Amino acid sequence: MSMDDKGSLEDRAALEDKGALEDKRPAHSGTNTCSFHADDIAASQAFRRDYETRTNVVKAEDMPWEHSPDGLIKHLVHRRLNTRECCVESYMQFLKAAEHSGKHRHMWEEVIFVAEGAGYDLHWDLAFDCIDEFKWQWSEVPKRFEWKRGDFIYIPPFTMHQHFATEEARLIMMSNRIVKEMGFDWFDQVESVPGYQPGQK
């Protein structure tokens, strides 16, 4: 190796050392401190103790009724019912013949089991563009889906939908609450059922 080659290697090493030192400055900057990690460990322990006290069975008489913007519902599983189920939310919806639900959309999927009755759904499909920014649009003309006892209904994410009963019906709604925890707690009540009053008992 010539002296010129050795000098070039030494110069490169010096430049790399200088670059490494410059990279370290932002990493070692600031004086803020926290206990985030320790707090997370403690919170995990507290959650596990609390989880052992939660119920595995929700009695029918303990499931709360609600006159909601979507109509009369009875909650089966909800985060505020303090059950061991941490992922799924579910409720029953009751519709008399010729009644319809409110109209809404949400970012999570929903599966509905028709426990009783018959009717149909209207679904307004979502079309969006995100080339420059998010642009949300829904079909002007909805798709119609007939359903009867024993059927499952699938609601895609953010599809606007509404339920119509041709016979007295009971629908069991099931959705995944994890999507909400991921930052997509997007729920739009587009229309409420006729006569809805907030706080109605």
Original post:
Among 103/135; 96/201; 96/135; 74/96; 96/148, which pairs are too far apart, with a Cα-Cα distance over 25 Å?
Top reply: 96/135
Original post:
Roughly how many nanometres apart are two label points built 7 Å out from the Cα toward the Cβ at residue 168 and residue 33?
Top reply: 6.7
**OP:** Under a 10 Å cutoff between Cα atoms, tell me which one of 117, 102, 183 has the largest fluctuation in the Gaussian network model of the chain.
**Re:** 183
**OP:** Specify the angular offset, from 0 to 90 degrees and rounded to the nearest 10, of the alpha carbon long axis of helix 3-27 from the longest principal axis of the alpha carbons in the chain.
**Re:** 40
**OP:** Give the long-range amide H neighbours of residue 88: residues separated by 5 or more places, or on another chain, with amide H under 5 Å away, using H modelled in the peptide plane at 1.01 Å from N.
**Re:** 177
Subject >> Interchain or long-range residues, amide H under 5 Å from residue 192's placed H >> reply: 103
Subject >> 10 Å binning of all Cα-Cα separations within the chain, expressed as whole percents from 0 upward >> reply: 7, 23, 24, 14, 11, 8, 7, 5, 2, 0
Original post:
With the other protein chains left in place, how much accessible area per residue, in square angstrom, belongs to the chain at a 1.4 angstrom probe?
Top reply: 70
**OP:** Could you look at the chain and say what percent of its accessible area is carbon and sulfur, using a 1.4 Å probe and all protein chains?
**Re:** 53
Original post:
Arranged from highest to lowest average of other beta-carbon atoms within 10 Å per residue, in what order do the peptides 184-192, 107-115, 33-41 appear?
Top reply: 107-115, 184-192, 33-41
Original post:
For the pair residue 74 and residue 186, what calculated FRET efficiency results from E = 1/(1 + (r/R0)^6), where r is the Cβ-Cβ distance and R0 = 25 Å, to the nearest 0.05?
Top reply: 0.55
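The values are calculated or read from the model by the stated rules, or taken from the named source; none is laboratory data. As the structure is a prediction and not an experimental result, all values here were calculated from the model. Because the Cβ atoms are built from the backbone with ideal geometry, glycine has one as well, and the counts that use them run over all protein chains shown. These area figures cover heavy atoms from the full protein model, side chains too; ligands, DNA and RNA do not enter into them. Shrake-Rupley method; radii C 1.70, N 1.55, O 1.52, S 1.80 Å.
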